[in-house]
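Take a look at the structure below.
The values are calculated or read from the model by the stated rules, or taken from the named source; none is laboratory data. Since the structure is predicted, the reported quantities are computational estimates derived from the model, not experimental observations. All Cβ positions, even for glycine, are placed from backbone atoms using ideal geometry, and neighbour counts span all protein chains on display. Calculation scope for accessible area: heavy atoms of the full protein, side chains included, ligands and nucleic acids excluded. Shrake-Rupley method; radii C 1.70, N 1.55, O 1.52, S 1.80 Å.
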Amino acid sequence: LANWRLLDFVTQTEHLPDLSYYRLGDLATAVYLEGDVILTLGERVVRASRIFYDFTRDRALILDAVFFQEIPYRRIPFYVRADEVRQLSAREYSATRARVTTSEFYTPSYHVGADKVYIRDRTSRDAVGNATGTLAGTYELTNTTLNVDNLPILYWPYSRGDLEQSETVLRRFRTGYSDDFGVEVETSWYLFNLLGITPPPGYDATLKLDYFAERGPGIGVDGKYQQQDHFGITKNYFIYDKGEDNFGPVRDNTPDQETRGRTLWRHRHYLPNDWELTLEVSYASDPGFLEEYERNEWFEGKQQETVFYLKRSREVDAIALLANWRLLDLLANWRLLDFVTQTEHLPDLSYYRLGDALGPFVAYHESRVGGVRYRTDDRHVFDTKRFNNDGASDATFRGDAREEAELPIKLTGLNIVPFGSVRGSYWDGQPLASGGLWRGLGLYGVRGSGWLSKVYDDVESELFDIHRIRHIIQPDFAVWGAHSNTRSDNITPFDEGIETIDAVYGAKVGLRNTWQTKRGGEGRDRTVDLFYLNLEVGYFGGDRPEDEKSNGWADPLRPENSRPRNYAAAEFAWRWSDTTTLVYDANLDLNDVELDRHDVSLAIERNPRLAYVIGYRHAGDVDLDLVGGGFNYRFNEKHITAARIWYDTDRGRLGELTLSYIYKLPRWYVGFNVEFDEVFDDVSFSMSLWPEGIPEWTLGSRRFSQLGQTTAIKPDAKADLKQPK
């Protein structure tokens, strides 16, 4: 301390200077403070009216406590208010009548409340209390409620969990209304937390409790696990369904039974010596369940099956054993997925070698041997020319081998690869052939590709934000011929790429153009693809089935897998600016000179208020012409709207329209969604709630929850929600 007197009319003591040293433990073993007390623990701050702290035992009593910490990667505050907080040790805390929220207000708009809270902190911290690792610890909550404006809307008597996973037992909550399901209430809960059980490391489980007024109650348990040498998932759901499905006027909408559901288990295990085992069991109660209740999984996910798959993969070779089957008699004589067309492998042993060097040549080998059985679904209408070997012992023995060799030739700016392959296959029985069937397939050809580029430094345009141009040209081609003694329409289609190939000769030529420029300004320059234009033409000939598919496509690496229909294809994209992009692609059928497919879309972002996309799609196969798009618009910080729509111009009717309105309250959002679905003749309404900065805590549909952070077309790419690594 150093001070001196400039005010000579005041009596003072000067320190010139005075040096002091204190050790708090030497002066006191405990302290009691009263008033506006502030306690700093690293980046954490506690305010209280009264506090008693025992330094010798690291124990404390804090009354009328307010705990505050900012969550840096979300840029939102985190508050815990409690009548009484006790520090039981350096790592243990308990609280009574606690409220957890992100709201600064004494009476928050929403909070999670609990009569009693116990927390054990396992976070790695430095000497002053700052975290040096990710948040870690366990918690216990008694008489937990989720409150909105101090009104409890959910309750659970006891929960226990891990701070690294979730601070609440509720994982998801959704409520709404639709014509098909009536009033809908869907909830998902952290199962281990709900039961008060500490989960084994690497395991997680979710309990689903649902109710649909027009259908009935539903319950399910989903689980996932991951260990050092294995991982897997399980999905289970059952519902007492007293309603009807909605699959249109042609199909039967009445379920086969009222108790409906599904079970799925997928597991992968890494075994010694590079072996890998995959197991799967799948069951669905009836043909319509997954399509009605898990529509995305049914149309876009992996095929449901019961399978045993053992594989060993090393540097250039792999061996695999596949066994899968469709029917299984259980205690209740359940039949697994008999309404799905599948191929059973009973079993099928495969061997592969990739890229063996034989002098200047590169060789590839592929072979398989085993029993296969083609199981058709039991809902078919026509039996004419229908492949089926459905008897219990009516399996087909199959052997198949393919050998390929290629000769890579590297020239300046050009790679040329002559190649040839032979394939021999045998089946001991075919529905359309008497006795066994041999197939031989020979294929030969040449493929190549090149690369050219040139830079134009003098190209400048402020209007189009162009600062020099780099033009990249990548031509490629493939020409091949093929011969075979049979066609694919005489063979049961057990597996795609084996029985479905034909002796088709053909050629394809492609030209890929990319124009790049610099954007960002001085010191922030980055290279962006300003414009690209890809052109491709394919021609096919030879002995092939009569029912030719449209949308031709050529595979230069495996020409026998091509879709043999003469075509011309184009892809085009113009990135006018960082917020405006025009995209177009098309496929022209040269056999009938008609567009099989063409799509065009324009995406525009006008930050921070508006983003929209409009587009048109034509699919000739199904006579489909769609016009649609969507927009996100922020009126101000409190009001956001969004819409998605598509219209079928060929049939003259609306396909789907979704409208959303989002209102921002202090530290949380509420969203209202209305959806008109003319495809499934359904109208639905739903409401969503989520705290600011934590969209994964959304109660309800998450479709528009990211709009709280951005109005961009792709909110995930724009929202500043960087998770800690």
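Among residues that are open to solvent by 20 Å² or more (accessible area, probe 1.4 Å) and either touching a Lys or Arg at 6+ places or on another chain (Cβ under 8 Å) or modelled with pLDDT under 75 (or both), residue 699 is included.
When region 107-127 is limited to residues that are modelled with pLDDT under 80 and open to solvent by 50 Å² or more (accessible area, probe 1.4 Å), the one that is nearest to residue 93 (Cα to Cα) turns out to be 122. Taking first residues from region 456-468 that are open to solvent by less than 80 Å² (accessible area, probe 1.4 Å) and at pLDDT 90 or above and partners that are part of a loop (DSSP other than H, G, I, E, B) and among the aliphatic types (A, V, I, L, M), no Cβ contact under 8 Å between residues at least 6 apart in sequence or on separate chains turns up.
Considering only residues of region 190-210 that are part of a loop (DSSP other than H, G, I, E, B) and on the phi < 0 side of the Ramachandran plot, which is surrounded by the most Cβ atoms within 10 Å (Cβ to Cβ)?
Filtering region 190-210 down to residues part of a loop (DSSP other than H, G, I, E, B) leaves 196-202.
Right, trim to on the phi < 0 side of the Ramachandran plot and you get 197-201.
Numbers: 197: 13, 198: 12, 199: 18, 200: 10, 201: 9.
So the residue we want is 199.
Annotation note: Cβ proximity below 7 Å between a residue of region 666-690 that is without any contact (Cβ under 8 Å) to a residue 40 or more places away in the chain and over 30 Å from residue 79 (Cβ atoms) and a residue that is open to solvent by 70 Å² or more (accessible area, probe 1.4 Å) and assigned to a strand (DSSP E or B) (sequence gap 6+ or interchain) occurs for 674/659; 674/685; 678/653. Residues that are of a type outside the set (S, T, N, Q), loosely packed, with under 15 Cβ neighbours inside 10 Å, modelled with pLDDT under 95 and within 40 Å of the chain's Cα centre (by Cα) are absent from region 427-439. Could you identify the single residue in 245, 252, 256 that is open to solvent by less than 20 Å² (accessible area, probe 1.4 Å) and either touching a strand residue (DSSP E or B) at 6+ places or on another chain (Cβ under 6 Å) or not in a strand (DSSP E or B) (or both)? Sole residue among the options that is open to solvent by less than 20 Å² (accessible area, probe 1.4 Å) and either touching a strand residue (DSSP E or B) at 6+ places or on another chain (Cβ under 6 Å) or not in a strand (DSSP E or B) (or both): 245. Out of region 36-52, which residues are open to solvent by 40 Å² or more (accessible area, probe 1.4 Å) and either at pLDDT 75 or above or among the aliphatic types (A, V, I, L, M) (or both)? Listed by number, the residues that qualify are 36, 38, 39, 40, 41, 45, 47, 50, 52.
For residue 211, the stated conditions do not hold, so it cannot be described as under 29 Å from residue 278 (Cβ atoms) and either in contact (Cβ under 8 Å) with a residue 40 or more places away in the chain or in contact with a strand residue (DSSP E or B) (Cβ under 7 Å, 6 or more places away or on another chain) (or both).
Scanning region 567-575 turns up no residue that is over 19 Å from residue 596 (Cα atoms), part of a loop (DSSP other than H, G, I, E, B) and open to solvent by less than 40 Å² (accessible area, probe 1.4 Å).
When 187, 175 are checked against the criterion of being under 21 Å from the mean Cα position of the chain (by Cα), of a type outside the set (D, E, K, R), assigned to a strand (DSSP E or B) and buried (at least 16 other Cβ atoms within 10 Å of the Cβ), a single residue qualifies: 187.
For region 307-341, how many residues are modelled with pLDDT under 85 and open to solvent by less than 30 Å² (accessible area, probe 1.4 Å)? Walk me through how you get there before you give the answer.
Kept after step one, since they are modelled with pLDDT under 85, are these residues of region 307-341: 325-341.
Now restrict to residues that are open to solvent by less than 30 Å² (accessible area, probe 1.4 Å): 326, 336-340.
Count: 6.
Could you identify the single residue in 654, 626 that is hydrophobic (A, V, I, L, M, F, W, C) and surrounded by 16 or more Cβ atoms within 10 Å (Cβ to Cβ)? One residue alone meets the criteria, 626. Is it the case, given these coordinates, that residue 527 is farther than 17 Å from residue 555 by Cα, surrounded by fewer than 18 Cβ atoms within 10 Å (Cβ to Cβ) and polar (S, T, N, Q)? Yes; evaluated as a whole, the condition is true for this residue. Residues in region 284-296: is at least one among the charged types (D, E, K, R), closer than 24 Å to residue 253 by Cα, outside any loop (DSSP other than H, G, I, E, B) and open to solvent by less than 60 Å² (accessible area, probe 1.4 Å)? Checking region 284-296: at least one residue is among the charged types (D, E, K, R), closer than 24 Å to residue 253 by Cα, outside any loop (DSSP other than H, G, I, E, B) and open to solvent by less than 60 Å² (accessible area, probe 1.4 Å).
Among residues of region 591-607 being touching a residue at least 40 places away in the same chain (Cβ under 8 Å) and not in a strand (DSSP E or B), the one that is least open to solvent (accessible area, probe 1.4 Å) is 591.
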